[in-house]
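Report on the structure given below.
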Amino acid sequence: MASSASISNTLHTLSSNAFPHRTKKPKEKISSSPLFSLSRSPLLFRTGFVPQWGNRELTCVHASSSVKAVLLDESKEKVRLPKGDEWSVHKFGGTCVGSSDRIKNVADVVVSDGSEGKLVVVSAMSKVTDMMYDLIYKAQARDDSYIAAVDAVFEKHRLTAMDLLDGDDLASFLSRLHHDVNNLKAMLRAIYIAGHATESFSDFVVGHGELWSAQMLSYVIRKNGIDCTWMDTREVLIVNPTGSNQVDPDFVESEKRLEGWFSKYPCKTIVATGFIASTPQNIPTTLKRDGSDFSAAIMGALLRARQVTIWTDVDGVYSADPRKVSEAVILRTLSYQEAWEMSYFGANVLHPRTIIPVMRYDIPIMIRNIFNLSSPGTMICREYMDEHENLRELDAPVKGFATVDNVALINVEGTGMAGVPGTASAIFGAVKDVGANVIMISQASSEHSVCFAVPEKEVKAVAEALQSRFRQALDAGRLSQVAVIPNCSILAAVGQKMASTPGVSASLFNALAKANINVRAIAQGCSEYNITVVVKREDCIKALRAVHSRFYLSKTTIAMGIIGPGLIGATLLDQLKDQAAVLKEEFNIDLRVMGITGSKRMLLSEVGLDLSKWREMTMESGKAADLETFMHHVHGNHFIPNTVLVDCTADSNIASCYYDWLRKGIHVITPNKKANSGPLDQYLKLRALQRQSYTHYFYEATVGAGLPIISTLRGLLETGDKILRIEGIFSGTLSYIFNNFIGARSFSEAVTEAKEAGYTEPDPRDDLSGTDVARKVIILARESGLKLELSDIPVQSLVPEPLRATASAEEFMKQLPQFDPDMDKKRREAEDDGEVLRYVGVVDVVKEEGRVELRSYKKDHPFAQLSGSDNIIAFTTTRYKEQPLIVRGPGAGAQVTAGGIFSDILRLASYLGAPS
C-alpha cells in the first residue's frame, strides 16, 4: 500500500494540474485579423472596437505594421477595473440553474439587466454539491460505486451541455469536462487507497460543480449576443480559514487579485463561480455554509456595486416561515440588522456573515424569485423606509418572527454564584471547551442563576462538562444544580422599531399567554432589535402563529369546532358562511370551522370546511362521532394558535367537558345552560379556572338568546354597582304564549300556536315546566354572587299535575284542553284587576333567593307591554333603584340565539387580537 506521503504528493500533483492559474498560461499571439480580444475566449464584438472601459476607447483599424505596433504597445497597458454603481451583482442558487431550461431562464434575466457591468455568481446545479460530497464519502469508505457516481455527475453535465450548446462552445466545454472528470477520478482513487481525504482536497472536489455551471452559463449568455467571460473565483477570492468552520475574506488581497484578473480579461459581463475560493497559499477552499451568497456579497463589496441580487425560488423574505404560518407575508424591506437577527435565529434569509461585506459600503441586497419575476422581492438595506411601502408595514414595530427548533436549556443555579467574579466566564469557558454553540443567554439580576440554550445534540456534552467543572461547588452546596430542560424551541421577534415603541414586549407576552403558551426563558438585547423566548417544542408553531397574528402580520385565525348541528347549530353555520369573507377582508378575522359533530356523525377538516357544503359532506364523508377524537382534531392543528369549541346542544354530558377543555387552552362558547346551572361546586371550579387563565368561556346566549343580559350584568358589577333585584320574562316561548293568551283564545290553543310556530321544544312540557327559566334564574343569581343550587329555586310549573307523566308530547297536547278552565280562571281574575298574566323569574339578591312563578302585572307595566316572543329583564341596582334598567328584545328563535353565539365568537376574536 502506498504511503500517506506518496498519496499526498499524488493528490497535490493532480490538484495542481486540475487547477491551472491563468498566470501560468503562455501569452497568446495577437491575431493578424483587424479584430482581436483581450479576453482569453473568443467573444462577440461590435465591428471595429475592443471592449474597454474608462475614458480611453481603443479603435481597431485595418491591419498594417505600424498600427499593429501601436496595438501591441497599448495591449501592454494595464486595463483599469472600474468600480461603483455601473456594476450590478447577481447570484443564482442551485435551484435556479438546476436544468438546461432554468439555465436559459437565468441567461434571459442577465441579458435583460441594463446595467453597464454585470457580475453573475452561480452555484453548482441543483443536487450536484451533494453528489460531489457523496463521491468523497464513498471513496473514503472504499466503496467502488464512487466510479459509477463520478460517471453520473459527468453524464448530468454532458446532457445539460448538449441541450444548451453547440459547435465550438460545446466542444470546448466537453473537453474541459472530460479533463476535470479524469482528474477527479485520479484524485478519488488516491482517496480510496488512503481511506481518508483532507479538508482542502474535499473542498477542491466539491468545487467542480460551480466551475461547470459557470462555464455553461457564460456560453449561453454569449449565444444571446452579449460579451461574456467566466471567472474561476479561486484566482480572485482569498480567504483565511478560522477555527470555527468559517473563513474570513482578505479584502485587500482579493481586491488586488481582482484588479489583476480584470486587466487580463476585461469584460462587461462576467460569470463567476460561487462557493469556492483560495487560501493565501493558493490552496483551493470553500466559503462553507451559504458560500455562494457570501461570494456574491464579497464580489459586490470589491466592485462597490450598485446592488446585489440573490435569486432564489421564493418571492422574498417572509414575516415568518410560510410552512408554519400560512398567512405569512412578504416583507418589502428589511434593515441589515433585522435581516441579521432573523437569519441568526434560523429564518431562511441570509447567513449573517453574508450581510457584513455589503454593509461596509451600504450596498442593498435584493431577494428575488427567479420563477416569479413579477414579485418585487425584499430589499435589505441600511434605510428601510420606502415611500411606496405599505403604511401598516412602516408602522409595524415587529417585522418578522423566526424559530429555532431542537434546543435544550441549561440552568446553572446556586446562591454561591451571587457576587462571585468569574462564574459566568467559567460556565461559558466549559461550554467553549466542548465546542458547543450558545444560542441565547439569560441571567437573573441577582446572579443567582444563569440560563442558556444550546442545540439539543450538544446538551449532553455541555452538561457533563459543567458537572465536572463545578463538581466541588456542587458538592459543597454553593451551586444547587446544573439542570437540563430538553425539548425546547426558541422564538424570536425581530424589528428595528421595537427600540422606540413602548409595549412591544407586553403585546408579545400577552399573545403567548392568551394562546396558553408557557415561556421558559426570556432574553432581550439592549439594542432591542429582538426579543427571544424559549417555549416547549410542541408549543412552538402555536406560539409562532399567536404572536404573528397579534402583530397584524396575518389575520386573527381561530380554529372552531361546532358541536350540535341542530336548529341553532345549523343556523350559526349558515351565518358564519355568509359573513366569513367580510370578516376576513374588512376585520382581519379568519374563522375556520375545523369540525362539526352531532350525536352520531362528525365531519373533520385539516384546513377548514366549506360551509356551503357541510350537510352533503357529512352524509358523504362523515365519520362515527367521537367527542374526544373531535376535540383533539380541532385543537391539535398547530398551524392555528387559538381554538374554540362551540356547544350548541343542551347536553349535560358535553357541558361536563368544559373544565377539561378550558384547562387544555380551548376556549368555550355556548348557549347550553347545563354547566352554569349545574352543581354549584362544579360551577365555582369552572369560573375559578376561567379567572386564573387566559382561556375564555362565553355564554351570553344561555339567558337571553341574542340579548346582552350577561354582559350588562357584568358591566354593572365591574363598575361598582350593586345588584338588588333582577326580574324578567326569560322564556321567549312563554312570552309568546301569554302575549297570545287573550280574548276568547284558550291556553291550549296558545300553546298549540307556539308549537306550530317553532317556539317550543318538541315536547312543550320542557318549556311549561319552568325548568328552563329556573336555570336562567340560577345563572343570573350566581353571576350576582349568590351561591344557590338549582334545587333552591321554587318553580311554579304550568304543566297540570295529571299530565306530567304522560307518555308522549302528542298525548300531552291532546289532553291539555281538559285543563283550560283553570288557566282561563286565572286570566279572568287578572283582567278583572286590570292586569295581565306573565311567567317570570326573580333573583332577589337582598334576600339571597330566587323563584319562578306566574304573576300578574298592571297593563302599564313594561312586562305587560310585550309582543311576540320578546324577553324583558329589569335590573334594580343602587344606581337604578327608582327606575330599573330594562333590557328588551327577541328572546327565542334560532336566528337570534345563533346571533348571540356569533357575537360571542367575535368578542373572543377581539380578545385574541383582532381590531375592535
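The values are calculated or read from the model by the stated rules, or taken from the named source; none is laboratory data. Being a predicted model, the structure only gives us computed values, none of them experimental. A quick note on method: Cβ atoms are made from the backbone with ideal geometry, for glycine too, and the neighbour counts reach across all protein chains shown. Ligands, DNA and RNA are excluded from the accessible area calculation, which covers all protein heavy atoms including side chains. Shrake-Rupley method; radii C 1.70, N 1.55, O 1.52, S 1.80 Å.
So if I place +1 on the C-beta of Lys and Arg and -1 on the C-beta of Asp and Glu, and nothing else carries charge, what would the dipole magnitude of the range 706-776 be about its Cα centre? I want it in debye, nearest 20.
280 debye
By accessible area of protein heavy atoms, probe 1.4 Å, what ranking do Cys488, Cys657 get, highest first?
Most to least solvent-accessible, the answer reads Cys657, Cys488.
What residues qualify as long-range amide H neighbours of Ala757, i.e. H under 5 Å apart, gap of 5 or more or another chain, H built at 1.01 Å from N?
Residues meeting the amide H criterion: none.
Just the number, please: percent antiparallel of the DSSP beta bridges in the chain, rounded to the nearest 5.
About 60 percent, rounded to the nearest 5.
Which of Lys156/Lys185; Lys118/Lys256; Lys104/Lys156; Lys460/Lys536; Lys623/Lys685; Lys673/Lys787 have a Cα-Cα distance over 23 Å?
The pairs that break the limit, which is 23 Å between Cα atoms, are Lys623/Lys685.
Give me the angle, in degrees from 0 to 90, between the Cα long axis of helix 771-783 and the longest principal axis of the Cα atoms of the chain, rounded to the nearest 10.
60 degrees
On the Cα set of the range 676-765, report Rg and Dmax in Å, please.
18.0, 56
Treating the beta-carbon of each Lys and Arg as +1 and of each Asp and Glu as -1, no other charges, what is the dipole magnitude of the range 550-669 about its Cα centre, to the nearest 20 debye?
180 debye
Using label points projected 7 Å from each Cα along Cα→Cβ, tell me how many nm separate Glu831 and His178, to one decimal.
Label-label distance for Glu831 and His178, simple model: 11.6 nm.
Largest first and in whole Å, what are the equivalent-ellipsoid semi-axes of the chain based on the Cα gyration tensor, each being the root of 5 times an eigenvalue?
78, 32, 25
Just in the range 276-362: which chymotrypsin sites (Phe, Trp or Tyr not before Pro) are loop by DSSP and have at most 15 other Cβ atoms within 10 Å?
Tyr361
Could you tell me the center-to-center distance, by alpha carbons, between the range 132-155 and the range 486-543 in angstrom?
Taking the Cα centre of each part, the range 132-155 and the range 486-543 sit 46 Å apart.
In the neighborhood of Val799, defined by Cβ-to-Cβ distances under 11 Å, what is the net charge if each Lys or Arg adds +1 and each Asp or Glu adds -1?
Surrounding charge for Val799 is -2.
Given Ala148, Gly728, Asn516, which one lies farthest toward the positive end of the charge dipole of the chain, if we put +1 on the Cβ of every Lys and Arg and -1 on the Cβ of every Asp and Glu?
Final value for the positive-end residue is Ala148.
Stretched out fully, how many nm does the piece from Gln281 to Lys847 gain, at 0.36 nm a residue minus the Cα gap?
Extra length available between Gln281 and Lys847 comes to 194.1 nm.
Given a cut-off of 24 Å, name the pairs among Lys83/Lys288; Lys825/Lys858; Lys83/Lys264 whose C-alpha atoms lie farther apart than that in the structure shown.
Among Lys83/Lys288; Lys825/Lys858; Lys83/Lys264, the Cα-Cα distance tops 24 Å for Lys83/Lys288.
If each of Glu116 and Asn348 carries a label point 7 Å out from its Cα toward its Cβ, how far apart are those two points in nm?
Label at Glu116, label at Asn348, 3.8 nm between them.
Based on alpha-carbon centroids, what's the gap between the range 837-879 and the range 188-255 in Å, whole number please?
88 Å
Hey, with R₀ at 35 Å, roughly what FRET efficiency would Glu753 and Gln579 work out to, going by the Cβ-Cβ distance, to 0.05?
The computed FRET efficiency comes out at 0.60.
With a 1.4 Å probe and all protein chains in place, put Lys288, Lys664 in order of accessible area, largest first.
Solvent-accessible surface, decreasing: Lys664, Lys288.
In whole percent, how big is the carbon plus sulfur part of the accessible area of the range 251-346, probe 1.4 Å, protein atoms only?
After summing per-atom areas, the C and S share lands at 51 percent.
Packing-wise, with mean Cβ within 10 Å as the measure, how do 348-356, 583-591, 718-726 rank, highest first?
Ranked by mean Cβ neighbours within 10 Å, highest first: 348-356, 583-591, 718-726.
What lysines sit close enough to Lys497 to cross-link, taking a C-alpha to C-alpha distance under 16 Å and skipping anything fewer than 8 places away on the same chain?
Reachable lysines: Lys399.
On average, how much accessible surface per residue is there in the chain, in Å², for a 1.4 Å probe, leaving out ligands, DNA and RNA?
Roughly 44 Å² per residue, with all protein chains present.
On a full-extension model of 0.36 nm per residue, what is the gain between Leu567 and Lys256, subtracting their alpha-carbon distance, rounded to one decimal in nm?
103.9 nm
Report the local net charge at Thr878: Lys and Arg +1, Asp and Glu -1, summed over other residues whose C-beta lies under 12 Å from its C-beta.
Every neighbour counted, the sum reads +2.
Heavy atoms only, 1.4 Å probe, whole protein assembly: order Asp113, Asp766 by accessible area, highest first.
Final ranking, largest accessible area leading: Asp766, Asp113.
Within the set of other residues whose C-beta is less than 13 Å from the C-beta of Pro322, count the net charge using Lys and Arg as +1 and Asp and Glu as -1.
Charge balance in the 13 Å sphere: -1.
Measure nothing but the geometry: give the 0 to 90° angle between the long axis through the Cα atoms of 540-550 and the longest principal axis through the Cα atoms of the chain, rounded to 10°.
80 degrees
Based on Cβ point charges of +1 for Lys and Arg and -1 for Asp and Glu, what charge dipole magnitude is obtained for the chain about its Cα centre, in debye rounded to the nearest 20?
2540 debye
With a Förster radius of 51 Å, plug the Cβ-Cβ distance of Phe371 and Asn487 into 1/(1 + (r/R0)^6) and report the FRET value to the nearest 0.05.
Taking R0 as 51 Å, the efficiency between Phe371 and Asn487 is 0.85.
Defining a contact as two alpha carbons under 8 Å apart and six or more residues distant in sequence, what relative contact order in percent does the chain show?
Once normalised by length, the contact order is 8 percent.
Quick one: helix 4-18 against the long Cα principal axis of the chain, what's the angle to the nearest 10°, folded into 0 to 90?
90 degrees
Could you run the Karplus curve 6.51 cos²θ - 1.76 cosθ + 1.60 with θ = phi - 60° over the range 581-586 and give me ³J(HN,Hα) per residue in whole Hz, x for Gly and Pro?
Ordered by residue, 3J(HN,Hα) equals 5, 5, 4, 5, 7, 9 Hz.
Which whole number in µm²/s is D for the range 399-507 by Stokes-Einstein, with the Kirkwood Rh taken over Cα pairs at 10 °C and 1.306 mPa s?
105 µm²/s
Would you mind getting me the FRET efficiency between Glu801 and Lys685? Use the beta-carbon distance for r and R0 = 30 Å, nearest 0.05.
E(calc), rounded to 0.05, equals 0.25.
With the full set of protein chains in place, find how many percent of the accessible area of the range 581-620 is carbon and sulfur; take the probe as 1.4 Å.
Exposed carbon and sulfur together represent 53 percent of the surface.
Run the 1.4 Å probe and let me know the accessible area of Val404, rounded to the nearest 10 Å².
Here the accessible area works out near 30 Å².
Of all accessible surface on the range 639-774 at a 1.4 Å probe, what whole percent is carbon and sulfur?
Solvent-exposed carbon and sulfur of the range 639-774 make up 49 percent of the total.
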